[in-house]
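One structure is given below, encoded as structure tokens.
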Amino acid sequence: MRKVFAVASVAIAALYAPSAAAHHGWTWAQEAQSTLSGTIASISMAPPHPTIQVLAADGQIWQVDLGNPSQTRRSGFTADSAKVGDAIEVLGNRSREPGKPHMKAVRITVGGQHYDMYPARLPR
């Protein structure tokens, strides 16, 4: 029974590993950076990485992934740094999937304050 459980566990992990790795890496995102402006619709500081839902001017809601919890904390961004309804600008990399409103933030700006999630990826 243990052997069956072990084989099943490995098989399940193998199925989910590629999507998890792609999502948490950068391969799912476009190489070119772009800017998204809008208002904050919701904020989640929950692992595996904090996210902000951004309402863009065209009415579309974008999911913006911040850094992992420690990166987000190092950037200075906390649950008290912004609130629903605040204006936000996001510099980051959009999903490669056409039409998918999903972005990985390199920098977010709220109230004139920059929060650099990935400083090494900022344009020079």
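Couple of notes before you dig in:
- Those residues of the stretch 78-97 which are without any contact (Cβ under 8 Å) to a residue 40 or more places away in the chain and of a type in the set (A, V, I, L, M, F, W, C), in sequence order: A79
- In the set (1) within 14 Å of I108 (Cβ to Cβ); (2) part of a helix (DSSP H, G or I), the condition left unmet by I52 is number (2).
- Within the stretch 48-55, the presence of a residue that is buried (at least 20 other Cβ atoms within 10 Å of the Cβ), over 21 Å from Q30 (Cα atoms) and either modelled with pLDDT of 95 or more or not charged (D, E, K, R) (or both) is excluded.
- Of the residues in the stretch 90-97, at least one is small (G, A, S), at pLDDT 95 or above, within 17 Å of T27 (Cα to Cα) and in contact with a His (Cβ under 8 Å, 6 or more places away or on another chain).
- Residue ID - farthest from I40 (Cα to Cα), chosen from residues in the stretch 74-89 that are surrounded by 13 or more Cβ atoms within 10 Å (Cβ to Cβ) and more than 15 Å from the chain's Cα centre (by Cα): R74
The values are calculated or read from the model by the stated rules, or taken from the named source; none is laboratory data. The structure displayed is predicted, hence computed values, not measured ones. Glycine also receives a Cβ, built like all others from the backbone with ideal geometry; neighbour counts cover every protein chain displayed.
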